[in-house]
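Novice: Shown below is the structure under consideration.
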Amino acid sequence: MVIVAAVDRSERAPAIVEEAVELGEAFDEPVEVVHVLTRQKFIDLERTSVSDTGNTIPTDDILDIAEDIAQEVVDRSSAVDVSPVGLLGDPADEVVNYAESNDARYLVIAGRKRSPVGKALFGSTVQTVMLDSEVPVVSIRAD
């Protein structure tokens, strides 16, 4: 089993990693820090690459970029001995699928404070993860 920490580039991301590490230590499980690069970000990177070099970016390079972002979050936390993972696609779907396919014991996330209208209009990745995951989800409140 593994503890999965799903992160973005926000200020709350290091707290997600630290909570996942605490769970990993408590259950003697490895921790994997996952960042999902959205398809829109992928398209933006592709456009930039094509306009700058005339070449597209291989998918493996895109996954490396996402992994580098996960590593940046790890570096901003006090965590040691965790594995960064980069994924590409819809963040909620990819995080849930990754956690379930890797037999995660827990999935650690943190949401943003939003008004009820904001949630209704824009949805919530965290809400989707919590509703769709078969893996127990630990949602932290990081201010």
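Novice: Which listed residue (13, 33, 63) has the Cα farthest towards the positive end of the charge dipole for the chain, taking +1 on Lys and Arg C-beta and -1 on Asp and Glu C-beta about the Cα centre?
Specialist: 13
Novice: While we're on this one: Subtract the Cα-Cα distance of residue 52 and residue 102 from 0.36 nm times their separation in residues, and report this length gain in nm to one decimal.
Specialist: 14.3 nm
Novice: Here's something else I'd like to know. Put +1 on the Cβ of each Lys and Arg and -1 on the Cβ of each Asp and Glu in the chain; which of 104, 80, 91 then has its Cα farthest toward the positive end of the dipole?
Specialist: Among 104, 80, 91, the one farthest towards the positive end of the dipole of the chain is 91.
Novice: Over the chain, average the accessible area per residue using a 1.4 Å probe and give it in Å², no decimals.
Specialist: Counting only protein heavy atoms, the per-residue value for the chain is 57 Å².
Novice: Within the set of other residues whose C-beta is less than 9 Å from the C-beta of residue 35, count the net charge using Lys and Arg as +1 and Asp and Glu as -1.
Specialist: Its environment carries a net charge of -3.
Novice: Let me ask something else about it. Run the accessible area of the chain with a 1.4 Å probe and give the carbon-and-sulfur part as a rounded percent.
Specialist: On the chain, the fraction of accessible area on carbon and sulfur atoms equals 47 percent.
Novice: Taking Rg and Dmax of the Cα atoms in Å as the quantity of interest, determine which of (1) 15.5, 50; (2) 19.3, 62; (3) 23.2, 80 was computed from the displayed structure.
Specialist: So the structure-derived entry is (1).
Novice: Once you list every other residue whose beta carbon is under 12 Å from the beta carbon of residue 2, what net charge do they have if Lys and Arg are +1 and Asp and Glu are -1?
Specialist: Every neighbour counted, the sum reads -4.
The values are calculated or read from the model by the stated rules, or taken from the named source; none is laboratory data. None of the values given here were measured: they were computed from a predicted structure. Cβ coordinates were reconstructed from backbone atoms using ideal geometry, including for glycine residues, and neighbour counts include every protein chain displayed. For the accessible areas, the whole protein counts, side chains as well, though only heavy atoms, and no ligand, DNA or RNA atoms are used. Shrake-Rupley method; radii C 1.70, N 1.55, O 1.52, S 1.80 Å.
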